[in-house]
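Values quoted throughout were computed directly from the atomic coordinates according to the rules given, and no laboratory measurement underlies them. If you're wondering where the values come from, they're calculated on a predicted model, not measured in any experiment. Note that we place each Cβ from the backbone using ideal geometry, even for glycine, and neighbour counts take in every protein chain shown.
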Amino acid sequence: MAETHPPYSSFKKLSSFFNGITAVSGVVLIGLGFYVKFRGAALTRVLGLSHAHLHHVGYLCLVLGCVTVLLSFTGWYGVTKENRGTLLFCSLFMIFILIMEIGVTSVVLGFLPTVQDMGLEHNVVTLRTNYKGFNEPDDYSTDWNSVMEKLKCCGVKNYTDFSGSSFEMMTGHAYPRSCCKSIQTVACDGHNVSTDIIHQEGCLPKLLEITKTQSFNLSGGSLGAAVIQLPGILATLLLFTKLG
């Protein structure tokens, strides 16, 4: 039977409380992972590497969140049983997770300017090479059609991105039907570039805005989780020391 330490009851209550808060931070991380995976993921997939970067960070948040929740329950057990080994184990692992969360924040915010700088030319070249058409079954064309229809835009910069593209050479059209404001209209013939017929704005600014929002939410959530977890780590280490 575990030895009781009445003078430390306040520390135990404090540590148990912070373990509950730590569990909440784990749920926040899990939520962030799902947010990145599903919120706008289908649209930003056309950005290629930048999408993959955020996607991988999202998976990392899912893993960190699940581990954090498990550690919070383990820490609660250690507090209840006054088990110094368990408390030390949880504290060290939580410090590691804390460092990872700060790393996630730094990487996401550091990578964002690179995405903005490289996004334009890379995506124009890729679009001209890989886009096949409105009803083509390949994933790349399907993703771009979805982006242009949902975001109400055309091309990366504008409809001129399709000039000299594989799509134009195969179809003879200056733009695909997904660029049209009304796909079913007769005037949407691939040649009429009137502002009444097609969207004049490119998709990249809107895609970058989605990516920026995801990045800020991801980095802010990770940093917030780290701040929430820090008092719990300190309280657990303090109890570990007192029980010695």
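Quick look at the values:
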| item | result |
| --- | --- |
| Value at 222 nm in deg cm²/dmol, rounded to 500, when DSSP H runs of n ≥ 4 in the chain each add -39,500 (n - 2.57) | -25000 deg cm²/dmol |
| Under 14 Å from the Cα of Lys12 - aspartates and glutamates, other chains or at least 8 residues apart | Glu3, Glu82 |
| FRET efficiency estimate (nearest 0.05) - Cβ-Cβ, Lys152 to Phe17, R0 35 angstrom | 0.10 |
| Those lysines that a straight Cα-Cα span of less than 19 Å connects to Lys206, excepting residues fewer than 8 apart in one chain | Lys37, Lys150, Lys152, Lys157, Lys181 |
| Helix 204-243 axis, angle to the chain major axis (alpha carbon atoms, nearest 10°) | 10 degrees |
| Extension reserve of the Ile95-His56 stretch, reckoned as 0.36 nm per residue once the Cα distance is removed | 11.9 nm |
| Cα-projected label distance for Ile102 with Glu209, points at 7 Å along beta-carbon direction, nm | 3.5 nm |
| Convex hull volume of the range 106-206 per residue (C-alpha atoms, cubic angstrom) | 97 Å³ |
| Gained length - Val186 relative to Lys242, 0.36 nm times residue gap less alpha-carbon distance | 12.2 nm |
| Calculated from backbone phi, Karplus (6.51, -1.76, 1.60) coupling profile of the range 166-180 in Hz, x at Gly/Pro | 4, 4, 5, 5, 7, 10, x, 9, 7, 7, x, 5, 5, 7, 6 |
| Equivalent ellipsoid dimensions for the chain as semi-axes, Å, which come from the Cα gyration tensor, largest first | 54, 14, 12 |
| Simple spin-label estimate for Leu88 and Val227 in nanometres, 7 Å along Cα-Cβ | 3.3 nm |
| Cβ-isolated cysteines (cut-off 4.7 Å), the chain | Cys61, Cys66, Cys90 |
| Hull shadow area, averaged, the range 149-244 [alpha-carbon convex hull, nm²] | 9.7 nm² |
| Folded to 0 to 90 degrees: helix 49-81 orientation relative to the chain principal axis, Cα | 20 degrees |
| The range 159-244, relative contact order in percent, only Cα pairs under 8 angstrom and at least six apart counted | 17 percent |
| Approximate spin-label separation Met170-Val125, in nm, with each point projected 7 Å along Cα-to-Cβ | 2.1 nm |
| Rounded to 10°, Cα long-axis angle of helix 9-38 versus longest principal axis of the chain | 10 degrees |
